[in-house]
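Down below is the structure, laid out as structure tokens.
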Amino acid sequence: MGRTLLLKNADILVTMDDERREIENGGLFAEDGMLTQVGPTEELPKTADKVIDATGQIVLPGFVNTHHHLNQTLTRNLPAAQNNNLFPWLQAHYRIWAKTHPEASRNSALVGLAELVLSGCTTVFDHSYLFQSGNKVDYQIEAARDLGVRFHASRGSMSLGESKGGLPPDDCVEEEDDILRDSIRVIDRYHDASPGSMTRIVVAPCSPFSVSEDLLRESARLARDKGVMLHTHLCETLDEERYTLERFGKRPVEWMEGLDWTGPDVWFAHAIHVDDEEIRLFAGTGCGAAHCPCSNMRLASGIAPVKKYMAAGVKVGLGVDGSASNDGSNMLGEVRQAMLLARLQLGLMPPEGPRKHALLPPSHPLRAGEWMTAREALELATRGGAAVLGRDDIGSLETGKCADFFTLDLNTLQFAGGLHDPVAAVVFCCPQGASTTVVNGKVVVDDGQIVTMEMGKVVTDHNRMSLELAAGH
Ligand SMILES: [Zn+2]
């Protein structure tokens, strides 16, 4: 028998399995990072190499973050970018991000990943697309391995500078041959498609306004040749929609469809400005969406039609995005914002059409199915995210899946008075940190602290580098 782990005595264990079982006095047993039993504590083995007593705690499947830019932790809350929407916000950051050197790349990955595991996240997708100043995906992958997080890295790209009609400055983009060559190197070196994989690679050109049509086509061809997934930002702002309409005479989704960018191996970050036909296209082709509520509010981008996506059968996960547009990496917070924003959207734009006076309270009672529930928001962050990333081995706690989970202490100030329904309290009550986070059967957070690495120096170094990079901007 391999290395075993037993979690026992949880007040409630939320499985997110097909029956959505919530098991009282629940527990789980894992061997070599995979779950072999999930159920009531009395049915589980009595001991293991590692035993976690979850008395007084709730256990949930580890969250899956489907969109992030870890290097942006270096530029959180930049004064020049506090109060603007996407295009000027990007223009305030591009040249600083381009200075992300190897040490800054590793350090920012550690900061963002540590915040994520402390908020219950066990699988992270990162969308990196600036590889100047010696930066390579390798530094992020090493950081994720050292910390112990399941990591989907992207070899992203920007190739269309201002002189060719793109948004980024010319000195922030790469040659397309170099991009494709390095993408092949990274996939061949790191991509592990096997069940339980800790590292996967995604091909991820940045956005419609920063890469050429040729690179989008070639990226899709490469991803399919190698069997990896495809990702980009799409339908994030009306500026983007204007850009593709003016340049290509097409709305963003139609334009991407023509470049072979639809299918179950594709997911888009944001996917806010879509019409009903485009939602049907996503559902029909299997495209997923990474919903990033904090970022969308922060940049005044709009509200993604998440309930419509869910009703149509579109795969939806959550992403903290940023970190410069969030400006944090807290998945518990993102789950709560997803639920709240869907409700605000309902108030502003009920299913029967826009209200005449949008800010007046509804004049009719909303039907139950129109509300996003706490459990639906949790589902987006777990099963939803797993589906978006193309994984069937994470997102729920059941036999044969990865031992990725976290616990929250229910006897805290934040939950006091809210335990009529502890599962919903995770979303309704103000977010707190994970008590324990386990990834691949290994404890990464214990008693609310990262235990795989000493974080004090990481924070000191991060603050120093952040100020150095921003100096002169
Ligand atoms: Zn993004």
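The values are calculated or read from the model by the stated rules, or taken from the named source; none is laboratory data. The model shown is predicted, which means the values in this text are computed figures rather than measured ones. Here Cβ is always computed from backbone atoms with ideal geometry, including for glycine, and neighbour counts include all displayed protein chains.
Remarks
- Leading residue by the ranking (nearest to the chain's Cα centre (by Cα)) among those in the stretch 302-328 that are farther than 15 Å from Ala269 by Cβ and within 16 Å of the ligand (Cβ to nearest atom): Gly328
- Total residues in the stretch 164-205, condition of a type outside the set (Ser, Thr, Tyr), over 18 Å from Arg224 (Cα atoms) and in a loop (DSSP other than H, G, I, E, B): 11
- Subset of the stretch 279-301 that is within 16 Å of the ligand (Cβ to nearest atom) and of a type in the set (A, V, I, L, M, F, W, C) - its residue that is surrounded by the fewest Cβ atoms within 10 Å (Cβ to Cβ): Ala300
- Count - residues of the stretch 420-472 that are in a helix (DSSP H, G or I) and within 25 Å of Ile52 (Cα to Cα): 6
- Selection of the stretch 246-278 for residues being within 16 Å of the ligand (Cβ to nearest atom) and either small (Gly, Ala, Ser) or under 20 Å from Gln345 (Cβ atoms) (or both) yields Phe268, Ala269, His270, Ala271, Ile272, His273.
- Restricting the stretch 133-161 to residues that are among the aliphatic types (A, V, I, L, M) and in a helix (DSSP H, G or I), the residue that is nearest to Val438 (Cα to Cα): Leu147
- Only one entry in Leu130, Leu116 is part of a loop (DSSP other than H, G, I, E, B), within 21 Å of the chain's Cα centre (by Cα) and within 16 Å of the ligand (Cβ to nearest atom), namely Leu130.
- Hey, Gly26 touching a strand residue (DSSP E or B) at 6+ places or on another chain (Cβ under 9 Å) and not in a loop (DSSP other than H, G, I, E, B) or not: yes
- Enumeration of residues in the stretch 296-331 that are touching a strand residue (DSSP E or B) at 6+ places or on another chain (Cβ under 8 Å) and outside any loop (DSSP other than H, G, I, E, B): Asn296, Val306, Tyr309, Met310, Lys315, Val316, Gly317, Leu318, Met331
- Tally of residues being closer than 14 Å to Arg155 by Cα, among the hydrophobic types (A, V, I, L, M, F, W, C) and either within 15 Å of the ligand (Cβ to nearest atom) or part of a strand (DSSP E or B) (or both) across the stretch 224-241: 2
- Residue match in the stretch 71-80 (condition: within 29 Å of Thr437 (Cα to Cα), β-branched (Val, Ile, Thr), crowded, with 20+ Cβ neighbours inside 10 Å and within 16 Å of the ligand (Cβ to nearest atom)): yes
- The sole residue among Leu348, Leu380 that is surrounded by 24 or more Cβ atoms within 10 Å (Cβ to Cβ) and either in contact with a Pro (Cβ under 9 Å, 6 or more places away or on another chain) or at pLDDT 95 or above (or both) is Leu380.
- From the list Met34, Met16, the one residue that fits, being more than 16 Å from the ligand (Cβ to nearest atom), touching a Cys at 6+ places or on another chain (Cβ under 7 Å) and at pLDDT 95 or above, is Met34.
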